[in-house]
Each structure stands twice: as C-alpha cells, then as structure tokens.
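Below: the structure, in structure tokens.
The values are calculated or read from the model by the stated rules, or taken from the named source; none is laboratory data. Note that the structure is predicted; figures quoted are calculated from it, not measured. Here the Cβ positions follow ideal geometry from the backbone for every residue, glycine too, while neighbour counts run over all protein chains shown. Remember, those area values only see protein heavy atoms, side chains included, never the ligands or the DNA or RNA. Shrake-Rupley method; radii C 1.70, N 1.55, O 1.52, S 1.80 Å.
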Amino acid sequence: MKSLNALDRASFVAAVGGIFENSPWVAEAIWGKMPFASLDALHRAMTDYIRTQPPAAQIGLLRAHPELAGRDARLGAITDDSAAEQAAAGLDRLSDAEAARFDMLNRAYCEKFGFPFIIAVHDHSRVSILAQFEKRLANDIETEIANALEQVFRITWLRLERAFGAAARMS
C-alpha cells in the first residue's frame, strides 16, 4: 500500500483508474482520501463513493460495462480486464446457439433496464450466468441497479486483488 499511497494524482489514476470499467473518475475522486491502510480500505473508499453518487452517475458507471459475450467482446473492442474475465468463464468460446441466447438476453435486459447485465463471471459457470440473467430479468429497476452495483463491486475487488494484492500485503 505504501507505493500506491505515495503516488501523485495522475499516477494514482493511471494505476487504479481501470479498476472500475472505463471509469477513471472514481479513482480521481478518491485520491484525496489517501493514505489507505489496506487494499480493502481503498476498495471501500471507492465503493462508498459510488454509493453516494446520484442514480444517473451510478447508471453511467453501469453503462460503461460491456455486454457479456456481446458484439464488442466478439470484435475485441472491450478492455483487457473484461476480455480476460469473459474468456476465463468460456464466454469467448460459445456455440452459435449459446451466442444467440446471450444476444437475446442482452437485448432484453438492456431494453428493460437501460444498462448491460453485469455479473462477476469469476464466481459463475456459463450455465449459472445464464440462470442469473433470466432470474434478474424479472427484477424491478431499483433492485437491479443494486444487484448490478454489487456485482461491479465484486468485480472491482477481484481486479484490485489481482493487480495489487501481493504488493499490498508486502508493504
């Protein structure tokens, strides 16, 4: 943590700005809260900040995420983190029928909620991702914003741990 806590604003944003998908504004906003005692404290500062934002900003954060196994993923037009996460769940190796099902669910979800379906794929198989997709489509908008944010927070924790976990434990 010492190395992260010693960074100036621009370097801090460069180091952790990608933790939230295409949303470096989160890192920018919490930089002034340093020093962070632990990786958990850094993550908590980031998630607490998001929780205090107005709904429009929260939805903007959700909209910054790609669709699962969607067109952008198939074209390689998503962040390296998202590509690696989706590949680890096998979403880059779908059959034509599976891809069609994801496309149909992505469309239905986005039409209903106005942002892409978000799930920490690390915690799921393709089968459980699809089951959650269908289950969450039945939710109301408030419930689904809360669910999507919690999934974003899980994803960001995993990204922080992967990127800085060993270094943070050593400092």
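Couple of notes before you dig in:
- Residue within segment 59-70 that is out of contact with any helix residue (DSSP H, G or I) (no Cβ under 7 Å at 6 or more places or on another chain), open to solvent by 30 Å² or more (accessible area, probe 1.4 Å), over 22 Å from I19 (Cα atoms) and not charged (D, E, K, R) present: no
- A56 vs. criteria under 25 Å from I141 (Cα atoms), among the hydrophobic types (A, V, I, L, M, F, W, C) and either modelled with pLDDT of 95 or more or in contact with an Asp or Glu (Cβ under 7 Å, 6 or more places away or on another chain) (or both): yes
- Filtered by the rule that a residue be among the aliphatic types (A, V, I, L, M) and open to solvent by 40 Å² or more (accessible area, probe 1.4 Å), segment 35-51 gives a lone residue, A37.
- There is at least one residue in segment 112-129 that is of a type in the set (D, E, K, R), at negative phi and at pLDDT 95 or above.
- Among the residues of segment 38-82, the one identified as closer than 16 Å to E144 by Cβ and polar (S, T, N, Q) is Q58.
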